[in-house]
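Every read-out reported here was derived from the displayed coordinates using simple, explicitly stated rules and does not represent laboratory data. These figures come from a predicted structure and were not determined experimentally. Quick reminder, even Gly has a Cβ in these numbers, built from the backbone with ideal geometry, and neighbours come from all protein chains shown.
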Amino acid sequence: MIRESVMQVRKRPVVLLVAEAVTLAHFARIVALARTLDSSRYEVVVASDPRYLSLADMDGLRYHPIQSIPGEAFARALEAGKPLYDSAALEAYVSEDLDLLARVEPDLVVGDFRLSLAVSAPLRRVPYAALVNAYWSPCAKVDYPVPDLPFTRFLGLRFSQWLFDRVRPLAFARHARPLNRVRKRHGLPSLGADLRTVYSWSNHTLFTDLPDWVPQSRLPANHRFIGVPRWSAGACLPEWWASLPEDKPVVLVTLGSSGHGVALPGIVAALAQLPLTVIAVVAGKQGVDQSQRNVFIADYLPLGLAMSRVHLLICNGGSLTSCEALAAGTPVLGVCFNMDQLLNMQAIERLGAGLTLRGARVNATALREAVQHLLEEPHYRQAAQTVGKRIRDFDPGENFRAFVADILSSPSSSPSASSSCVP
C-alpha cells in the first residue's frame, strides 16, 4: 500500500503598495515599483485613489480603490503653511487602511506618503516600508529653504529666511502634531516633534534617490537607498510630434499635478518670444495661448519617449518629472512653489544639472535669462548626462526586489521602526 502525502502549496507572499494620490508623483512611484515585482513570486496589490488610474498600466496588478483628500485642498494647505492633514482626515485614512489591510492580508505594506500607515500598519502588526525622498530624512544635512508663504511677500526673502531658520523647529512640530494625536488615540507612542520623522517613520525607510544626492549623517540600519523609480504617463505622442522643427532648441514645460497651473500660460507666453520650440504639457488645465507658431500643446506626454527630443525641462521642481529629465541627460529649470520642490532642486543644483526660480517671484525677464543660460552653458547638459547615467545604473527595480526578498525571507527579524540617526 502506497501512502500518499498531501503537499500544501505555499501561498505567494502578498505585497501591498499604497499611494497617497494628492499628487501624481506618489501614485506613479508606487505603480513603477509594483511593476518591478515578479507576479509569479508575489501577489502584488496596489491601493490608491483612482484619480490617476487612467494614466497607468495596471495589467497584472490587483487594485483596491481608497480615498485621498482633494489635490486642491492639499495645495491650499501648502500655500498657507498649514498642516497638510488634520486629525479627522488622518482618522478617516486609518479606518480605511485597517479595512484594506484586513481584506488584503499583506505580508508587507509599502506606502508613499500615506502617513496613516504609521498607525494602521502597527495596529495590524504588518511590516511597513515608507518611500520618501532623502531630503526628508531626519539625518539629512541640508538647509531648509523658507517656502513662499504669505509672510514672505511682506518681509522679503532674506529676512523671511532668517526668521524661518529660527522658527522652523516649531513649524515642524506643528505639522507633526495631527499624526501624533491620532497615534495617541490608538495607544501608540508619539513620533516626536520633528516633521521629518513623521514623513520617514516606518520599519524600513526607502529613499527614492541616489545615495550621495543629499548629505546624511550615519543612517539607521533600516534606512536604505533604492534609486529613482522611472515612470511615464500612459499617453501617446501627439500627431504633431514628428513635425517638430529641427533647427531650434526644444523646451518642455509642465507644472505637474500639484497646483499652480495658473502660472503655466505666463511661462509659455514668455518663452514663445525666444527662438525656441515650446511644448506645454497642460495636464487637463486650460488657458495656454495656442496661437503662437512655436508653441505645441499636449494634455499628457510619455516623458520617457519625449525627453529624447528635449533640450531643457521646465517644471515645478518635483522629483518625479525632474528625475525623468535627468535620466535622459536633460537639464532642469525648477519653478518652485513649496519646500519639497525647493529641496529637490537644491540637490539638483548641487549636482550642477539645473537652476531654481521661485514661482511666487518669477517674471518673464528672469525666466528667459535662466532658460538662455541653461541652453548656452554646456556644463549643465554635461552634468545632467553624468547624473543620468548614474540614475540608469542604480536600478531601483533591482534594489526594491532585493529589499522585498530580504524582508519576506525573514519577517520575524524585521527591526523595530526607527528614524533615529546614528551618532
- [ ] Can you tell me what the convex hull of the Cα atoms of segment 207-296 projects to on average, as an area in nm²?
- [x] 9.0 nm²
Task: Sum of -39500 (n - 2.57) over DSSP H runs of 4+, divided by residues of the chain (222 nm, nearest 500) - done: -12000 deg cm²/dmol
Open item on the list: Exceeding 29 Å between C-alpha atoms, which entries from my cross-link table qualify? They are 248/389; 141/389; 82/389.
Closed with: 82/389
Open item on the list: Give the separation of the Cα centroids, segment 123-153 to segment 42-116, in Å.
Closed with: 18 Å
Open item on the list: Using only alpha-carbon positions, what ratio does the radius of gyration of the chain give when scaled by 2.2 N^0.38 Å?
Closed with: 1.01
Open item on the list: How much of the pair distance distribution for segment 239-393 lies past 26 Å, counting alpha-carbon pairs only, in percent?
Closed with: 16 percent
- [ ] Determine the sum of side-chain charges near residue 277: Lys and Arg each +1, Asp and Glu each -1, restricted to other residues whose C-beta is under 13 angstrom from that of residue 277.
- [x] +1
Task: Ordering of 60-69, 237-246 by burial proxy (mean other Cβ atoms within 10 Å per residue, highest first) - done: 60-69, 237-246
Open item on the list: Per 0.36 nm of contour for each residue apart, how much would the distance between residue 350 and residue 76 grow if the chain were fully extended, relative to their Cα-Cα spacing?
Closed with: 95.7 nm
Task: Rule-of-thumb Rg ratio for segment 73-129 [Cα; 2.2 N^0.38 Å; N residues] - done: 1.25
Open item on the list: Sort 310-323, 394-407 by packing, meaning the average of other beta carbons within 10 Å per residue, with the highest value first.
Closed with: 310-323, 394-407
Open item on the list: With the crude spin-label approximation of a point 7 Å out along Cα→Cβ, what separation in nm comes out for residue 392 versus residue 269?
Closed with: 4.0 nm
TODO: Please turn the phi angles of segment 239-250 into ³J(HN,Hα) values with the Karplus equation 6.51 cos²θ - 1.76 cosθ + 1.60 (θ = phi - 60°), one per residue in order, whole Hz, x for glycine and proline.
DONE: 4, 6, 4, 5, 9, 4, x, 9, 9, 9, x, 9
Open item on the list: I'd like to verify something in the chain: which complete DSSP H helices, judged by Cα projection on the helix axis, reach 20 Å or more and average at least 0.0 on the Kyte-Doolittle scale?
Closed with: 87-104
